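Read through the structure below, which is laid out as structure tokens, and then see the notes.
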Amino acid sequence: MVKFAVICMSNMNRSMEGHYQLKKHGYNVQSYGTGPQVRLPGPSQNRSNNYDFGTPYAQINNDLRTQAKGEERLHTHYTRLGLFAMIDRNMTVKLAPEKFQQEHMSYDVIFTCEERVFELVCEELLNRAGVQSRPVHVINIEIEDNHKESQTGGKTIVELAKCIVASKDLERDMDGIIEDVQKRMPHRLLYTMAFY
């Protein structure tokens, strides 16, 4: 069975939507973030909510709901941004956000959700020096970090996964898979092969 990973900056929105959709389709998948901390919008534009990786989604949910309790404006703000719905979804998928740089499992395919994350994942894999000499396909799906786009991006990730699993020779077929999905789906794709 193909092992997939989905990675965004905070392991909250885009990677978790991809994780959720792949899991729903029965794929073997994990998800991660690459940022220094988990960042969520805060009470104002210049004040975000920051959490350490490993902080349970339930704890993050409680913190946001405590902030918004009795503050109608803040509750409306968080609801409009989809934060409560996003965290409710996340709690059904796994316990807490995880950081890719602290994880040492290997995957067959890694999906990243923005070019900066793609670069960080490739850099991390390069720093690991490819000691296992095991190839990994790294595909970036450029997904805007909002609720609607994460859902559309999740569909693109599932479409890629279907094509990848159907392939008899992934190394030979990958360029064609990328080209085919790029024509049919709305997201810009970027691809490279790296090594564990």
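The values are calculated or read from the model by the stated rules, or taken from the named source; none is laboratory data. Only a predicted model underlies this, so the values are computations on that prediction, with no experimental measurement involved. Virtual Cβ from ideal backbone geometry, glycine too; neighbours counted across all protein chains shown. The protein model used for the area step is the full one, side chains on, heavy atoms only, and it has no ligands, DNA or RNA in it. Shrake-Rupley method; radii C 1.70, N 1.55, O 1.52, S 1.80 Å.
Number of residues in the stretch 145-194 that are of a type outside the set (S, T, N, Q), under 28 Å from residue 129 (Cα atoms) and touching a helix residue (DSSP H, G or I) at 6+ places or on another chain (Cβ under 7 Å): the value is 10.
Quick check: anything in the stretch 52-62 in a strand (DSSP E or B) and within 30 Å of residue 137 (Cβ to Cβ)? No: zero hits. Residue-level check: of (1) closer than 29 Å to residue 140 by Cβ; (2) open to solvent by 60 Å² or more (accessible area, probe 1.4 Å); (3) within 21 Å of the chain's Cα centre (by Cα), residue 5 misses just (2). Condition first: open to solvent by 10 Å² or more (accessible area, probe 1.4 Å), aliphatic (A, V, I, L, M), on the phi < 0 side of the Ramachandran plot and assigned to a helix (DSSP H, G or I). Can you find one or more residues in the stretch 117-138 that meet it? Yes, the stretch 117-138 has at least one match. Report yes if some residue within the stretch 44-51 is in a helix (DSSP H, G or I) and open to solvent by less than 40 Å² (accessible area, probe 1.4 Å); otherwise report no. Among the residues of the stretch 44-51, not one is in a helix (DSSP H, G or I) and open to solvent by less than 40 Å² (accessible area, probe 1.4 Å), which makes the answer no.
If you go through the stretch 63-109 and keep only what is among the small types (Gly, Ala, Ser) and either part of a helix (DSSP H, G or I) or open to solvent by less than 80 Å² (accessible area, probe 1.4 Å) (or both), you end up with 68, 82, 85, 96, 106. Listed conditions (1) under 16 Å from residue 5 (Cα atoms); (2) of a type in the set (A, V, I, L, M, F, W, C); (3) over 17 Å from the mean Cα position of the chain (by Cα) are all met by residue 157, apart from (3). Applying the condition of being small (Gly, Ala, Ser), open to solvent by less than 20 Å² (accessible area, probe 1.4 Å) and assigned to a loop (DSSP other than H, G, I, E, B) to the stretch 8-43 and asking which residue is farthest from residue 98 (Cα to Cα) yields 35. Each residue in the stretch 173-196 was checked for being more than 20 Å from residue 143 (Cα to Cα) and touching a residue at least 60 places away in the same chain (Cβ under 8 Å), and 3 pass. Listed by first and then second residue, the pairs with beta-carbon distance under 7 Å, at least 6 apart or on different chains, first residue in the stretch 10-28 and closer than 20 Å to residue 39 by Cβ and among the basic types (Lys, Arg), second open to solvent by 50 Å² or more (accessible area, probe 1.4 Å) and part of a loop (DSSP other than H, G, I, E, B), are 14/145. For the stretch 20-39, the criterion of being more than 29 Å from residue 1 (Cβ to Cβ) and at pLDDT below 95 is met by no residue.
Here is a check on your reading of the model: is residue 173 under 17 Å from residue 114 (Cα atoms), surrounded by 15 or more Cβ atoms within 10 Å (Cβ to Cβ) and not hydroxyl-bearing (Ser, Thr, Tyr)?
no
Looking at the stretch 152-160, is at least one residue in a loop (DSSP other than H, G, I, E, B), of a type outside the set (A, V, I, L, M) and modelled with pLDDT of 95 or more? No - not one qualifying residue is present in the stretch 152-160.
Of all residues in the stretch 130-151, those that are closer than 21 Å to residue 180 by Cα and modelled with pLDDT of 90 or more have Cβ atoms under 7 Å from Cβ atoms of residues that are open to solvent by 50 Å² or more (accessible area, probe 1.4 Å) and among the charged types (D, E, K, R), 6 or more apart or on another chain, in 140/115; 142/115; 142/188; 143/149.
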